[in-house]
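Colleague: Okay, here's the structure, questions in a sec.
The values are calculated or read from the model by the stated rules, or taken from the named source; none is laboratory data. Predicted model only: the values in this text are computed from it and were never measured. Cβ: placed from backbone, ideal geometry, glycine included. Neighbour counts: every protein chain shown. The accessibility values were calculated without ligands, DNA or RNA, using every heavy atom of the protein model including side chains. Shrake-Rupley method; radii C 1.70, N 1.55, O 1.52, S 1.80 Å.
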Amino acid sequence: MPDLGTYAFEILMSYGISFGLLGALVGASVLQSKRVKVALQRVENNG
């Protein structure tokens, strides 16, 4: 691991926050996809 110097905490926190936000976006997309899929199946079965 490279030497991050005096800003190591800030750099690692920014990476952690970025990865956390990306994970939240992926999770929200997966949940939304499942909801839309169920809704579409419901509409197709009733039509």
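Colleague: Does LEU25 satisfy being in a helix (DSSP H, G or I) and open to solvent by less than 100 Å² (accessible area, probe 1.4 Å)? Give the steps one after another, and end with the answer.
Modeller: On the way: in a helix (DSSP H, G or I): yes; open to solvent by less than 100 Å² (accessible area, probe 1.4 Å): no.
Judged against the criteria, LEU25 is not a match.
Colleague: Moving on. For the range 3-17, enumerate the residues that are within 25 Å of the chain's Cα centre (by Cα) and hydrophobic (A, V, I, L, M, F, W, C). Walk me through how you get there before you give the answer.
Modeller: To start, the set of residues in the range 3-17 that are within 25 Å of the chain's Cα centre (by Cα) comprises 8-17.
Result: ALA8, PHE9, ILE11, LEU12, MET13, ILE17.
Colleague: Search the range 8-24 for residues that are on the phi > 0 side of the Ramachandran plot and pair each with any residue that is open to solvent by 100 Å² or more (accessible area, probe 1.4 Å) and of a type in the set (Lys, Arg) when their beta-carbon atoms are under 6 Å apart and the residues are at least 6 apart or on different chains.
Modeller: none
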